[in-house]
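Input: a single structure, listed below in structure tokens.
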Amino acid sequence: MCRREGMKLFLKGERCYTDKCAIERRNYPPGAHGQARTRFSEFSIRLREKQKVKRIYGLLERQFAHYFEMAERMPGITGENLLVLLERRLDNVVYRLGFASSLTQARQLVRHGHFEVGGRKVTIPSYLVSANEPVVVTEKSRQKKVIQEAIEMAQRRGVPPWMTVERENFRGMLKNYPARSDLTMPISEKLIVEHYSR
């Protein structure tokens, strides 16, 4: 997927930081015609941008379209609303706080009931976390090897400026919703809005 999008999407946790990363080995699209020069149409450019964001956040087509509809109904700029909604997903928050080494692992940990949000256990990865709502690793899950390893790895990765984390207490939260300037991934949300508006 990283090779298809031409950039690191950090889908494989620790592996993405080593020489084993697929894009480090073969930095061209997969398939027989990956190394051929291709011309991109307007539609293709917009589609690729949508696919890239879908893969960064690990969503299926219908889920992504649902978030776009929600973003359209919200006041403000649709593209920025979409990115804020995606950042608020519980699996994404768990990953960004450093309690999982990849988004896929975060989703599985949430599904298996290892996290509490606002004092109650939540097992839905798409749960939208509100500002100042604490996300805590459950008491019995704190000794889990995968969570311990993820916390160690997260110290290299760091935590986004709109979040706070207390690693010793296995707890974190969104201080506020991210501004567009805080989101550093090379995403052009205008192209996604244009794709759905065609």
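Screening region 47-63 for residues that are farther than 20 Å from residue 184 by Cα and not charged (D, E, K, R) and picking the one that is farthest from the chain's Cα centre (by Cα) gives 47.
Hey, among 111, 167, 171, 107, which residue is touching a residue at least 12 places away in the same chain (Cβ under 8 Å), of a type in the set (D, E, K, R) and within 22 Å of residue 51 (Cα to Cα)? One residue alone meets the criteria, 107.
Modelled with pLDDT under 95, within 20 Å of residue 184 (Cβ to Cβ) and over 13 Å from the mean Cα position of the chain (by Cα), is that true of residue 113? Break it down stepwise before answering.
On the way: modelled with pLDDT under 95: yes; within 20 Å of residue 184 (Cβ to Cβ): no; over 13 Å from the mean Cα position of the chain (by Cα): yes.
Taking the combined requirement at face value, the residue does not satisfy it.
Using the structure shown, decide if residue 99 is within 21 Å of residue 192 (Cβ to Cβ), among the aromatic types (Phe, Trp, Tyr), in contact with a helix residue (DSSP H, G or I) (Cβ under 9 Å, 6 or more places away or on another chain) and surrounded by 15 or more Cβ atoms within 10 Å (Cβ to Cβ). No. Based on what the data block shows, is residue 82 aliphatic (A, V, I, L, M), assigned by TED's automatic domain parsing to the domain that holds residue 59 and assigned to a helix (DSSP H, G or I)? Judged against the criteria, residue 82 is a match.
Scanning region 86-115 for residues that are over 15 Å from residue 165 (Cβ atoms) and in a strand (DSSP E or B) yields one hit, 89.
Screening residue 136 against (1) crowded, with 18+ Cβ neighbours inside 10 Å; (2) in a helix (DSSP H, G or I); (3) not basic (Lys, Arg) leaves a single unmet condition, (2).
Residues that are of a type in the set (Gly, Ala, Ser) and modelled with pLDDT of 90 or more do not occur anywhere in region 50-64. Within region 41-71, the set of residues being without any contact (Cβ under 8 Å) to a residue 12 or more places away in the chain, part of a helix (DSSP H, G or I) and either touching a Ser or Thr at 6+ places or on another chain (Cβ under 8 Å) or more than 15 Å from residue 198 (Cβ to Cβ) (or both) comprises 54, 61, 62, 66, 69. Just one of the listed residues (123, 164) is of a type in the set (Val, Ile, Thr), over 16 Å from the mean Cα position of the chain (by Cα) and more than 14 Å from residue 94 (Cβ to Cβ), and it is 164.
Taking the stated definitions as given, is residue 152 among the charged types (D, E, K, R), crowded, with 18+ Cβ neighbours inside 10 Å and more than 14 Å from the chain's Cα centre (by Cα)? Answer is no for this residue.
The values are calculated or read from the model by the stated rules, or taken from the named source; none is laboratory data. On a predicted model such as this, the values are computed, not experimentally measured, just so you know. Ideal geometry is used to build each Cβ from the backbone, glycine not excepted, and the neighbour counts take in all protein chains shown.
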